[in-house]
Amino acid sequence: MTATAPAPSPARAARATAYLPRLALVLAALLASLFTAASPASAHAALTASDPKDGAVVATAPAQVTLSFSEQVAMGDDSIRVMDPQGKRVDTGELRDMCSGSTVRYGTALHSGLPNGTYTVAWQAVSADSHPVSGAFTFSVGAPSATSVSLPDRQAGGGPVGVVYDIARYAAYAGFTVLVGGAAFILLCWRRGSAERPLQKLVVRGWVTLTAATLAMLVLRTPYTGSGKFADVFDLDGLQAVLETKTGASFVSRLLLLGAAALFIAVLFGAYARRQKTSSAAEAVDETGAGDGTGAEAEAEAEAADEAEKETSDLAFGLAIGGTVVAGGIAATWALAEHASTGIQPGIAMPVDILHLLAVAAWLGGLVALLVALHKVPDIEREAVQRFSKVAFISVLVLAVTGVYQSWRQLGSWSALTGTSYGRLLIIKVSLVAVLVAIAYLSRKWTGRLGAVRSTEDAGAGATGEEPAEVLAGVDVSRETSTGSGSGSGSDAGFDAGAGADPRRAAQLARQRAAREKAREKQVRDADPGRAGLRRSVLAEAGVAVVLLAVTTVLTSTEPGRAAQLETNRSTAGPAVPNRAVKITLPFDTGGQNGKGTVRLELDPGRVGANTLHLWADGEDGKPLDLPEIKIAFTLPAKEIGPLPVAPDRDAPGHWSASGVQLPLAGEWRIDVTVRTSDIDQTTVHKNVKIG
């Protein structure tokens, strides 16, 4: 912020900024309705494969069912359940850990001698980034059949428990932002604010909110990842199991760090605030000249003042170091348990995530503290606003750098930016940041105008020998207060004299004095048009910041683009084909002599990868037809792949074969068979088949 920045027209800027808070509230309501109507957050670990596959028809019952995931998951003995058509469990209930290297695979054994029919596999786990994941699919033995098992319609982490848990998550992020941002604003921008009651209440409420939200998530963790019933909050065994997980350890660590944060708050608003009050009083005395002395007395006073200033600065430095460590530790409880701890480059991602969270708190939390100060403390110095502008600028730079890295890490491709929920939410978040920066630029102009107005008033006061308007107002308030209460003269003195024996009258007088003081404070606060414009623009910033924080919280519970694309590829691969060869019969007619017949083609196993092809040609009489030439080509029109030619070898009259026929992708393939019965008679026939 610079005092020479061009100032907007007060009337035009006031009209513009008057609508910004309303616009922010409307946007917040629209986003809130969108998030409320949305289904529970997608899981962050994607099921990438299963054996048998979803919808597969196998010839014989498998010995086990296995599931493969895109990242590490936590599973128990009852996490995979397999049920027959009547709903009876046919698995042994024993979880098999089949993970090796980067492969994440779990399975469960099935009982032997399972009859034909359709079987249902239901599974549930906890993703490595702390979010529950669940799903279900079916496979058939022999042939599909009717089943009485219905697939679960409730996702893990949904229902009323999921709603309450998500509210606690929002509250935790908000509490962290206010706690860290408010304390940073006091220490970095306005140290005198440590003695101001409104800022003290703000920081303490942030601490209480974060602590309560963390406790709520800890006790709700068991029903949130399991049954979805509130009664399970009293399950002590479940709570013990939660404490043994990475998420439970992060909650406990956060609570311990919040204990250290309570000590930090006590020192900040206790010893440090008292020293700030003493220092401010000493400065006021020095300015009025009441403390001037001569000789040894003046020198002693100067040394005492220097010593007090040094002690206050040392305490501020210690609070800054300790507060940074505690704030970084609290931010690490998110980084170690959520997105940053999984996926690629976790060793880089976790420190980056900590910096990102601290920058968000310093910017948005400091913005809330500034708004409270502008509304509740009429005499906040212009220098404090300018310092916060520098802190906010640095925070935005850190957010930009860390945000770009996080976006690259979580999206994986440009298509995920518009093709996944994570990418679309990221676009909304970036747009809100741009709006917030634009409003912050307007606040910079108002701050420049605030400085120009105050400087002009001060200069005018110095030339005329008068005090500035705001200083005069403060003197009048102090004089009237001292006259009414200290000297016993004036209206307040008369009221006080007759109110000693009347408690109701005394209470009435107290209310009147409080109302008068509040009116005087408002008069002083609104005397400067630049200050009023700054309050409106900061209020607009705070409104957009609330929406931005909500979007950020939703983003942390949304499936990252990389995992979402894996899940999409799996779901769009189409249903699995039976575990047997693909067989087709194609009639042909080349138009010449002996030009009619049929070709029978068999592709084994009829799946993506290597296949063995056999082809038989029969004449009209049903006998093998030894053709001069036959060609085969495979084309996948949906992906613009092919034609892929295949030249089979002649094994016997009317029989050709080829091994290692590669089909790279699943989908609807077109098989073209070119038949030549003479030197001039030739035709091509084709048929579409589904390759799993």
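General remarks:
- Residues of the range 656-688 that turn out to be in contact with a His (Cβ under 8 Å, 6 or more places away or on another chain) and open to solvent by less than 40 Å² (accessible area, probe 1.4 Å), as a count: 5
- Reported count of residues in the range 379-399, each being outside any helix (DSSP H, G or I) and surrounded by fewer than 18 Cβ atoms within 10 Å (Cβ to Cβ), is 2.
- Verdict on residue 208 being free of Cβ contacts under 8 Å to residues at least 60 places away in the same chain and in contact with a Lys or Arg (Cβ under 8 Å, 6 or more places away or on another chain): no
- For residue 312: the one exception among (1) β-branched (Val, Ile, Thr); (2) at pLDDT 85 or above; (3) open to solvent by less than 40 Å² (accessible area, probe 1.4 Å): (2)
- Sole residue being out of contact with any Gly (no Cβ under 8 Å at 6 or more places or on another chain), buried (at least 21 other Cβ atoms within 10 Å of the Cβ) and assigned to a helix (DSSP H, G or I), chosen from 418, 402: 402
- Just one residue in the set 672, 651 is without any contact (Cβ under 8 Å) to a residue 12 or more places away in the chain and not in a loop (DSSP other than H, G, I, E, B); that residue is 651.
A quick yes/no check of all residues on (1) within 22 Å of residue 125 (Cα to Cα); (2) not in a helix (DSSP H, G or I):
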residue	(1), (2)
170	no, no
210	no, no
223	yes, no
227	yes, yes
250	yes, no
265	no, no
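- Restricting the range 47-85 to residues that are over 19 Å from residue 692 (Cα atoms) and more than 32 Å from the chain's Cα centre (by Cα), the residue that is most open to solvent (accessible area, probe 1.4 Å) is 63.
- Subset of the range 196-215 [surrounded by 19 or more Cβ atoms within 10 Å (Cβ to Cβ) and under 15 Å from residue 270 (Cβ atoms)]: 196, 199, 203, 207
- Within the range 349-390, the residues that satisfy the criterion of being over 23 Å from residue 517 (Cα atoms), β-branched (Val, Ile, Thr) and in contact with a Gly (Cβ under 8 Å, 6 or more places away or on another chain) are 354, 368.
- Of the residues making up the range 208-236, those that are over 25 Å from the mean Cα position of the chain (by Cα) and among the aliphatic types (A, V, I, L, M) are 231, 233, 236.
- A single member of 160, 152 is open to solvent by 60 Å² or more (accessible area, probe 1.4 Å), closer than 23 Å to residue 221 by Cα and at pLDDT 85 or above, and it is 160.
- None of 644, 601 is at pLDDT 85 or above and closer than 26 Å to residue 142 by Cβ except 601.
- Residues being open to solvent by less than 80 Å² (accessible area, probe 1.4 Å) and either in a helix (DSSP H, G or I) or on the phi > 0 side of the Ramachandran plot (or both) - total across the range 637-648: 2
The values are calculated or read from the model by the stated rules, or taken from the named source; none is laboratory data. Here the structure is a predicted model, which means the values were calculated and not measured. For neighbour counting, all protein chains shown are included, and Cβ atoms are generated from backbone atoms with ideal geometry for every residue, glycine included. Accessible surface is based on the protein model in full, side chains and every heavy atom, while ligands, DNA and RNA are left aside. Shrake-Rupley method; radii C 1.70, N 1.55, O 1.52, S 1.80 Å.
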